[in-house]
Amino acid sequence: MHLSLADFHPVADGETLDTAVLQRAMDQIAAAGGGRLTLPAGRYRSGCLNLPSDFELRLEAGAVLIASPRLADYQAVQALSCAEKSHNVLLYALGQRNITISGTGRIDGEGEAWFAAERDEQGYRLPRADRPRIIVFEDCEQVTLTAFTIMQAPMWTVHLVSCRHVHIDHLTIDNAMTMPNTDALDIDSCEAVFVSNSYLSAADDAICIKTTHKPAALRRPARQIMITNCLLRSYSCAFKIGTETWDDVEDVTVTGCTIFDSNRGIGILSRDGGAMRRLLFSNLTFACHNAPPCHWGKADPLHISVRCRDPAITPGIVEQVQFSNLTGVAEGAINLHAAEPGWIRDVVISQLQMRQSVSPMTQGHFDVRPPCNPDSPTGMGLDNAYKLDPKTGEAFGVERYPGGLPGLFARGVENLQLHSLVITRPEPLPPGWHPECVVQLPD
């Protein structure tokens, strides 16, 4: 069955709430055994919608689906997964099969309605509680997202939880660079995922693979994930694995991507017991600069960190990682940081060209957040990320490199292999820079 929302005669002015008419059309298609709902050019405002199996939502050119700024419009359906203490979502599906969102229209998250107008001293705009994610699909199969645009998301933008056979192509996510916790794409405990030819830009992570703490029915590893030919921009981490890692992450390939205007380039952060192995990064360019201090990272193009969140839980090992054919510019250093020797092992970095540049912001620090708040060592979110150490004036977890800023710093890494690294540094070295380019410490 193919329906157009024009058949339901919505006002399409962007002010009238269209949730009921949109859900009625989706339910009618589901009752018929599946089909497509087309949104023609116009502006449609909605709260939470529940998508069925064998269904395509097509946004035609000029169609704009606008997320309601009212909390009451997200109470009909609540996601099983929680993000930033919220279960609210605009487009939701649980346990469905064969779902597609397509077209050249866009979804507008109306993010400005959910944030304070001004930043605090750390560069953080305080959000309202219970912000909605834009898309959350949980335990779904055969998911396709293609060609449309999402902009101004107020929270995590696309969160795929325990899904299988996911295809994302020519997707654009363009969030405001002043709004925190607005990850563009979160791939959470998913299998067989292909992401290609997409533009993903957010103040928080552009692409993040994780295995969050969730109901037992959704707990599983993340594996067989391929990312190719994407443009990534982030003031946090352009491509990240972690920090939530309750189950394993395996067999991830990232190739042919460009990281630009970012703080941290590639971040691999193990905290919660799940191991990470067989991670391959190749043919990438990067441009990393320092962002406001509320964002984790210090302009490090490559970062691996393994440390405890809960002192009672040993974090999973990170092993069998390869970086090859990378080139770029960074205001920080490559930082591989294991809290215990051997928690990071079997890492190869080869054919890397990097130019370190001088920053107008203070250089020479590394950042191993989270968690770092001694008052809440097992916490999540704000309570373990932004508390300042009165001794240093920096956030807990932000410390100076011993001896100054190097080009590459490794602590506690077992079997680190470096081949054909060309790291160009300023001459003469600025004050506070380490005289050695590569610094390796056993523990």
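Below is a table of values for the structure above.
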{"quantity": "Per residue accessible area of region 93-191, 1.4 Å probe, in Å²", "calculated": "30"}
{"quantity": "Environment charge of Met361, counting only residues whose C-beta is closer than 13 Å and scoring Lys/Arg +1, Asp/Glu -1", "calculated": "-2"}
{"quantity": "Residue with peak Gaussian network fluctuation, the chain [Cα springs, cutoff 10 Å], from Ile101, Ile344, Ile313", "calculated": "Ile313"}
{"quantity": "Whole-Å distance, taken between Cα centres, linking region 13-61 and region 407-440", "calculated": "54"}
{"quantity": "Simple spin-label estimate for Thr362 and Thr228 in nanometres, 7 Å along Cα-Cβ", "calculated": "4.5"}
{"quantity": "Gain upon complete extension [Leu280, Arg128; 0.36 nm per residue less C-alpha separation]", "calculated": "50.9 nm"}
{"quantity": "Prolate/oblate/rounded call for region 271-387, Cα gyration tensor, a/c under 1.5 rounded", "calculated": "oblate"}
{"quantity": "Helical mean residue ellipticity (222 nm; -39500 (n - 2.57) per DSSP H run of 4+; nearest 500) of the chain", "calculated": "-1000 deg cm²/dmol"}
{"quantity": "Accessible surface of the chain, 1.4 Å probe, proportion on carbon and sulfur as whole %", "calculated": "50"}
{"quantity": "Calculated SAXS-style log₁₀ I(q)/I(0) at q = 0.12, 0.15, 0.20, 0.21 Å⁻¹ - region 151-275, Debye, Cα scatterers", "calculated": "-0.38, -0.60, -1.09, -1.20"}
{"quantity": "Choice from Val249, Val161, Val422 with maximal GNM fluctuation in the chain (Cα, 10 Å cutoff)", "calculated": "Val422"}
{"quantity": "For region 9-76, the spread of Cα positions along each principal axis, largest first, Å", "calculated": "32, 29, 17"}
{"quantity": "In degrees, nearest ten, helix 19-31 long axis to first principal axis of the chain (Cα)", "calculated": "80"}
{"quantity": "Listed values [x] 38, 32, 25; [y] 39, 22, 20; [z] 43, 28, 18, entry calculated as semi-axes √(5λ) of the Cα gyration tensor in Å", "calculated": "[y]"}
{"quantity": "Computed lengthening from Glu110 to Asn50, 0.36 nm per intervening residue step minus Cα-Cα distance", "calculated": "19.6 nm"}
{"quantity": "Percent antiparallel among DSSP beta bridges (both partners in the chain, rounded to 5)", "calculated": "5"}
{"quantity": "Partners for Lys240 among aspartates and glutamates (Cα-Cα distance below 13 Å; same-chain residues under 8 apart left out)", "calculated": "Asp183, Asp186, Asp188, Asp204, Asp205, Asp300"}
{"quantity": "Cα-based reach from Lys85 at 17 Å (exclusive), listing lysines while leaving out same-chain residues under 8 positions away", "calculated": "Lys210, Lys214"}
{"quantity": "Mean-position separation - Cα centroids, region 305-341 and region 87-145, in angstrom", "calculated": "29"}
{"quantity": "Positive-pole candidate from Leu3, Ala299, Pro311, dipole of the chain, charges at beta carbon", "calculated": "Ala299"}
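The values are calculated or read from the model by the stated rules, or taken from the named source; none is laboratory data. Since the model is a prediction, treat every value here as computed from it, not as a measurement. When we count neighbours, we look across all protein chains shown, and the Cβ atoms used for this are built from the backbone with ideal geometry, even at glycine. Heavy atoms of the whole protein, side chains included, go into the accessibility calculation; ligands, DNA and RNA do not. Shrake-Rupley method; radii C 1.70, N 1.55, O 1.52, S 1.80 Å.
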